[in-house]
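This report concerns only the one structure given below.
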Amino acid sequence: MAALWESKSLATWNAALASYEDVVAAQGVASLAGLDSWYRDTLPGAIAARSRPHVTHAEIVRLTEWKMARGVWRARNLALVRGNEPADVVALSTEALAEALGREPHPTAPIATLSQLAGVGPATASAVMAAAVPAVYPFFDELVAAQIPAGGPVAFTLSYYARYAASLRERAARLGPGWTPVMVERALWAHAGGKSGVTLRDTARPPKGRTGRGRASR
């Protein structure tokens, strides 16, 4: 399979993005499709509708379940996330989203703020930011990061996330109007076939239309 990152074909990128839902369905994880639909279609609006944007305890737990269903299940991390006080989740996510939604959002400060929660590292924190501010913060996915040659060895650190996010923002700008770093991340994940490696060619399904602190934390 040719590397999508090296492709200059907008049609190829569009096809990869259009295949995202089908690749999600092909992962063989029973809960993933529902969680993914909630994450993409419901959570962003819920955050935006609040006078002071934030996520709730229930939302960050469900978001963590989505992240692990799409990637690697880490029961200990999920237990840590569930153990956070609801008031702490609201307070820290309010602070982080205020930083992210400002005139000049800092590339890593909101990630660092939210990572103060138990069980929440740069990857989980980035999932919150990606839902709320998709034009600036892509979800930090290890499978996607491994496809970006300039990033170097994948590391779940703020400095690595800053390089990763900058690369996806630059690629979104190159692909043209309508593209965001979040869309670039989904296209790369789908093109790789997700964690199962099952691509649309393997499933032979037609693509759908584009729509478009005890920690080992990620």
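Here is how the numbers come out for the structure above:
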item: Of all residues in segment 5-27 being touching a helix residue (DSSP H, G or I) at 6+ places or on another chain (Cβ under 6 Å) and surrounded by fewer than 19 Cβ atoms within 10 Å (Cβ to Cβ), the one that is nearest to ALA187 (Cα to Cα); result: ASP22
item: So TYR160, is it in a loop (DSSP other than H, G, I, E, B) and more than 19 Å from THR56 (Cα to Cα); result: no
item: Segment 50-97, residues that are small (Gly, Ala, Ser) and surrounded by 20 or more Cβ atoms within 10 Å (Cβ to Cβ); result: ALA69, SER93, ALA96
item: Of residues in segment 173-204 being on the phi > 0 side of the Ramachandran plot and either out of contact with any Gly (no Cβ under 8 Å at 6 or more places or on another chain) or assigned to a helix (DSSP H, G or I) (or both), the one modelled with the lowest pLDDT; result: ALA204
item: Residue list for segment 116-172, restricted to those being within 11 Å of the chain's Cα centre (by Cα) and either at positive phi or not aliphatic (A, V, I, L, M) (or both); result: PRO122, THR124, SER126, PRO134, TYR137, PRO138, PHE139, PHE140, ASP141, GLU142
item: Subset of segment 34-49 that is of a type outside the set (Asp, Glu) and crowded, with 19+ Cβ neighbours inside 10 Å - its residue that is farthest from LEU17 (Cα to Cα); result: ILE47
item: Complete set of residues in segment 79-113 that are modelled with pLDDT of 95 or more, outside any helix (DSSP H, G or I) and farther than 16 Å from ALA125 by Cβ; result: GLY83, GLU85
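Residue-by-condition table, conditions (1) part of a helix (DSSP H, G or I); (2) out of contact with any Asp or Glu (no Cβ under 6 Å at 6 or more places or on another chain); (3) not small (Gly, Ala, Ser):
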| site | (1), (2), (3) |
| --- | --- |
| TRP13 | yes, yes, yes |
| GLY28 | no, yes, no |
| ASP36 | yes, yes, yes |
| ASP41 | yes, yes, yes |
| ALA46 | yes, yes, no |
| VAL55 | no, yes, yes |
| GLU59 | yes, yes, yes |
| TRP66 | yes, yes, yes |
| ASN77 | yes, yes, yes |
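The values are calculated or read from the model by the stated rules, or taken from the named source; none is laboratory data. Please read all numbers here as calculations on a predicted model, not as lab measurements. Note that each Cβ is placed from the backbone with ideal geometry, even for glycine, and that neighbours are counted across all protein chains shown.
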